[in-house]
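Below: one structure, written as structure tokens.
The values are calculated or read from the model by the stated rules, or taken from the named source; none is laboratory data. None of these values were measured; they are calculated from a predicted model. All Cβ positions, glycine included, derive from the backbone under ideal geometry; neighbour counts span all protein chains shown.
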Amino acid sequence: MQLIDQFNRKIDYIRVSVTDRCDFRCVYCMSEKMTFLPRSTVLSLEEIERVIKVFTELGVKKVRITGGEPLVRKDIDKLFKSIGRIDALDEITLTTNGSQLKSKSMMLKKAGVKRINISLDSLNPITFKKLTRTGDLQKVLDGIHAAIDVGFDKIKLNTVLMKNLNEEEIYSLVDYAIKYYLDISFIEEMPLGHTAYDRKSTSVNNDDILLKLKEKYLLSKSNISTSGPAEYFSIKNTQTKIGLISPHSHNFCENCNRVRISCKGELFLCLGHDTKIDLMPLIRSFPNNDEPLKEAILNSMSIKPKSHNFDLADAQPAVVRFMSHTGG
């Protein structure tokens with residue numbers, strides 16, 4: 001069996017949120033005062049492992065573990081070790097804010113995690129605190145260097161630039177990536193949830209970012225071929241690649257190969273829509289029978305949207321739920 005949606009796109013990649021909780025409160029991702037889900041409404045680690053196994057039986061080859069901040073989930077080590085033993089998975093990756101990497105990097109490497117994406121929006125401690133509200137920059141930098149020392153196949157920084165906040169750090173962030181042989185992606189702010197800032201006034205267009213980058217660096221279009229949303233550029237005489245993820249200025253949905261599972265067991269067919277299937281009742285009503293779960297997942301392919309429709313001119317967010325609810 002294989003997951004093919006109504007637009008003939010092959011779905012072989014899932015992003016799984018293991019928690020909506022986070023030790024940061026990033027201004028573009030969360031409200032300052034968040035109400036998190038009760039534990040009873042969140043999938044157990046064993047249920048998450050089961051969902052991942054079912055998806056691999058339907059042809060999924062890659063899983064990314066997300067949150068919230070996935071590494072704050074209690075006993076998360078057990079999940080990484082268990083899914084690391086699923087032979088059908090070609091790749092296990094992680095998106096993290098880096099706060100726990102100093103203590104978790106070795107465990108992740110031994111469990112089979114090959115690539116890590118680390119959110120880093122500023123190298124200025126004051127700006128970093130303003131953007132994350134609760135984050136400690138030095139703790140994140142220590143985590144990044146712990147991950148470098150462990151030796152993952154690939155470490156990539158993810159940066160959201162915002163006008164009048166961190167937009168001027170574009171060069172310092174790229175120079176940091178070059179210095180430590182990392183890649184970096186600039187992501188246009190996603191219009192999910194009501195946040196502290198008016199996105200029309202803070203959003204930075206990746207076309208403008210590319211123009212600024214070309215003023216300092218010799219860039220060439222990378223020949224990397226992925227089904228992901230990023231457009232990649234190589235920087236001459238470095239090992240660093242720059243990715244531009246542009247949900248506003250350039251729709252990237254035609255080759256979408258992924259779906260997302262929230263920590264509540266909601267199967268979201270698109271980040272930019274509320275279209276979903278609630279898998280938790282099937283998971284808990286049929287603890288020893290995966291067929292109803294498989295049938296629901298297969299049927300969901302008929303309602304996967306063709307594309308998102310992000311529009312910053314709209315006063316309301318494209319989706320009311322916060323980014324932390326669905327996972328990055």
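What to note about this one:
- Selection of first residues in segment 286-306 that are over 16 Å from Leu3 (Cβ atoms) and of second residues that are part of a helix (DSSP H, G or I) and of a type outside the set (A, V, I, L, M, F, W, C), restricted to Cβ pairs under 8 Å at least 6 apart or on distinct chains, gives the following pairs, ordered by first then second residue: Phe286/Pro292; Pro292/Ser285.
- Residue in segment 17-24 that is surrounded by fewer than 20 Cβ atoms within 10 Å (Cβ to Cβ) and assigned to a loop (DSSP other than H, G, I, E, B) present: yes
To keep it simple, each residue is scored yes or no on (1) under 16 Å from the mean Cα position of the chain (by Cα); (2) aromatic (Phe, Trp, Tyr); (3) under 27 Å from Ser203 (Cβ atoms).
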| position | (1), (2), (3) |
| --- | --- |
| Asp90 | no, no, no |
| Ser103 | no, no, no |
| Leu123 | no, no, yes |
| Gly143 | no, no, no |
| Ala147 | no, no, no |
| Phe152 | no, yes, no |
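- Scanning segment 127-141 for residues that are surrounded by 15 or more Cβ atoms within 10 Å (Cβ to Cβ) and among the β-branched types (Val, Ile, Thr) returns Thr127, Thr132, Val140.
- Pair list, Cβ under 7 Å, 6 or more apart: segment 99-113 residue over 13 Å from Gly151 (Cα atoms), other residue of a type in the set (S, T, N, Q): none
- Pairs are defined by a Cβ separation below 9 Å, a sequence spacing of at least 6 or placement on different chains, a first member in segment 254-266 that is buried (at least 24 other Cβ atoms within 10 Å of the Cβ), and a second member that is part of a strand (DSSP E or B) and among the hydroxyl-bearing types (Ser, Thr, Tyr); the pairs so defined are Val259/Tyr13; Ile261/Ser17; Ser262/Ser17; Cys263/Ser17.
- Only listed residue being among the hydrophobic types (A, V, I, L, M, F, W, C) and either in contact (Cβ under 8 Å) with a residue 40 or more places away in the chain or surrounded by fewer than 18 Cβ atoms within 10 Å (Cβ to Cβ) (or both), chosen from Ile83, Ile52, Ile65: Ile65
Here's the yes/no breakdown for (1) in a helix (DSSP H, G or I); (2) β-branched (Val, Ile, Thr); (3) loosely packed, with under 15 Cβ neighbours inside 10 Å:
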{"residue": "Tyr28", "(1), (2), (3)": "no, no, no"}
{"residue": "Leu43", "(1), (2), (3)": "no, no, no"}
{"residue": "Thr95", "(1), (2), (3)": "no, yes, no"}
{"residue": "Ser103", "(1), (2), (3)": "yes, no, yes"}
{"residue": "Met106", "(1), (2), (3)": "yes, no, yes"}
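- Of the criteria (1) hydroxyl-bearing (Ser, Thr, Tyr); (2) surrounded by fewer than 19 Cβ atoms within 10 Å (Cβ to Cβ); (3) at pLDDT 95 or above, which one Ser225 fails: (3)
- Count of segment 265-299 residues which are modelled with pLDDT of 95 or more and assigned to a loop (DSSP other than H, G, I, E, B): 7
- Among the residues of segment 11-59, those that are at pLDDT below 95 and either under 22 Å from Ser307 (Cβ atoms) or over 20 Å from the mean Cα position of the chain (by Cα) (or both) comprise Tyr28, Glu32, Lys33, Thr35, Pro38, Arg39, Ser40, Thr41.
- Annotation note: Cβ proximity below 8 Å between a residue of segment 129-154 that is on the phi > 0 side of the Ramachandran plot and a residue that is surrounded by fewer than 18 Cβ atoms within 10 Å (Cβ to Cβ) and part of a loop (DSSP other than H, G, I, E, B) (sequence gap 6+ or interchain) occurs for Arg133/Glu32.
- Looking only at segment 70-116, and only at residues there that are touching an Asp or Glu at 6+ places or on another chain (Cβ under 6 Å) and charged (D, E, K, R), the one that is nearest to Arg25 (Cα to Cα): Lys102
- Selection of first residues in segment 205-220 that are over 13 Å from Glu168 (Cα atoms) and of second residues that are part of a helix (DSSP H, G or I) and hydroxyl-bearing (Ser, Thr, Tyr), restricted to Cβ pairs under 7 Å at least 6 apart or on distinct chains, gives the following pairs, ordered by first then second residue: Lys216/Tyr171.
- Any hit, segment 182-191, residues being surrounded by fewer than 20 Cβ atoms within 10 Å (Cβ to Cβ) and at pLDDT 80 or above: no
- Among residues of segment 273-295, those that are under 14 Å from Ser262 (Cα atoms) and of a type in the set (A, V, I, L, M), counted: 4
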